[in-house]
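This report refers to the structure that appears directly beneath it.
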Amino acid sequence: MNLTLTGLEFRPLNVPSTIDGDDAADFRAMVDVRNVIYRDISGHDDHFITAAELLPHYSPNDYERRLSWLALVDDRPVGRVGLDLPIEDDSKVAFVLIELLRDVWGQGIGTAALQLVEKVARENVRSVLQSWAEHPDGPGRRLEPPTGFGSIPADDHAARWFVANGFTLEQIERNSAFDLRGSFEGVQKLLEHARAASAGYRVVQWFAPTPPEFVEGYAWMKSRMVTDAPAAALEFDEETWDAGRIAIHDARYTSAGRTLHVTAAQHIETGELCAFNELVVGVDKTEASHQEDTLVLKAHRGHKLGMLVKCENLLAWRDVAPESPRVITYNAEENRPMLDINEAIGFVPIAYNGAWKKVLP
């Protein structure tokens, strides 16, 4: 799609079947641009991912439509644009991604990209746009979400762009890191206390793909991520997870050679899975690891199961990825129960993300 800015093109992104084919050039360029953007904003490469590892996350599936464009100026890739559309019945939500190289900021490209995604969102009967962005700290006036938890600098480039384009700041996410090269003595002590408080539960662990005996329970817990985690005024559709969706989820990691390890708590009397924690590392196990979802089902809270599954997984991770330097995770700033656990374990804040929302008229 060519717009009015001279030399600007938003080219629909082809999702290739393999990363090495001639038709994968744009996808590889998109990933290269992504990695440069994330390094530039964060100052590190902990968010780096190879094109081969990201490709499975773009493969078509029955649970969402992922529409993407490569942004080019005079045929030079300068950014990426995305619109994710959940396929739940009567969904009005769309998730927006607009990321540009720093040297093309201020030229109207981001606003042109937003015009594109708003048009496509309306065509798909979506009226709620939501997006996330990291906001490096800085001096001056602060923006606070309605939750009252956390803030970001009002003069940050991305914050100014969101506000100017009609988005409201709804939530702050804390990005935290745990040093895998340090002592695990504190983790071990916390685990001992958690084990004592969680009588009646056992720990089960597995690598993706999920073993058949755990699929049903894992699927139910994954479905609760959008209902039980703090969401402020953000809007999420309740999701249905089944064996097919778990298989797709697992394949996003395993098909590219990444490692996903799950530690769960199981209620001994009923056999119900009631808490879980996920850790992921790429093909290169010297890179940073990422803690993905963590959840304790509401009916089982109060038994230190969150501490239990996090500590058990971190201790197991020393054997899985012994050369990975740290674990990265994200939590809503108002999610004090989970932040209490992370802080006790030794996670420290390294960055803050804003969650933004725009309701289309």
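The values are calculated or read from the model by the stated rules, or taken from the named source; none is laboratory data. Values in this document were obtained by computation on a predicted structure and should not be read as measured data. A quick note on method: Cβ atoms are made from the backbone with ideal geometry, for glycine too, and the neighbour counts reach across all protein chains shown.
Working only within the range 78-93, note down all residues that are out of contact with any Asp or Glu (no Cβ under 7 Å at 6 or more places or on another chain) and either touching a residue at least 60 places away in the same chain (Cβ under 8 Å) or in a strand (DSSP E or B) (or both). Can you show your working first?
Restricting attention to the range 78-93, the residues satisfying the condition of being out of contact with any Asp or Glu (no Cβ under 7 Å at 6 or more places or on another chain) are 78, 81-83, 89-90, 92.
Of everything in the range 78-93, those that are out of contact with any Asp or Glu (no Cβ under 7 Å at 6 or more places or on another chain) and either touching a residue at least 60 places away in the same chain (Cβ under 8 Å) or in a strand (DSSP E or B) (or both) turn out to be V78, V81, G82, L83, K92.
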*Please state which of the following conditions G244 fails to meet, knowing it meets all the rest: (1) touching a strand residue (DSSP E or B) at 6+ places or on another chain (Cβ under 8 Å); (2) within 29 Å of D90 (Cα to Cα); (3) not β-branched (V, I, T).*
(1)
*Right, Q188: touching a Leu at 6+ places or on another chain (Cβ under 8 Å), touching a residue at least 12 places away in the same chain (Cβ under 8 Å) and either of a type in the set (F, W, Y) or part of a strand (DSSP E or B) (or both) or not?*
no
*asked:* Tell me the residue from I341, I350 that is over 21 Å from T227 (Cα atoms) and among the hydrophobic types (A, V, I, L, M, F, W, C), please.
replied: I350
*Filter result for the condition that a residue is assigned to a loop (DSSP other than H, G, I, E, B) and either among the hydrophobic types (A, V, I, L, M, F, W, C) or assigned by TED's automatic domain parsing to the domain that holds G150 (or both), over A247, A199, A251*: A199
*Could you list all residues from the range 281-335 that are acidic (D, E) and in a helix (DSSP H, G or I)?*
E312, D319
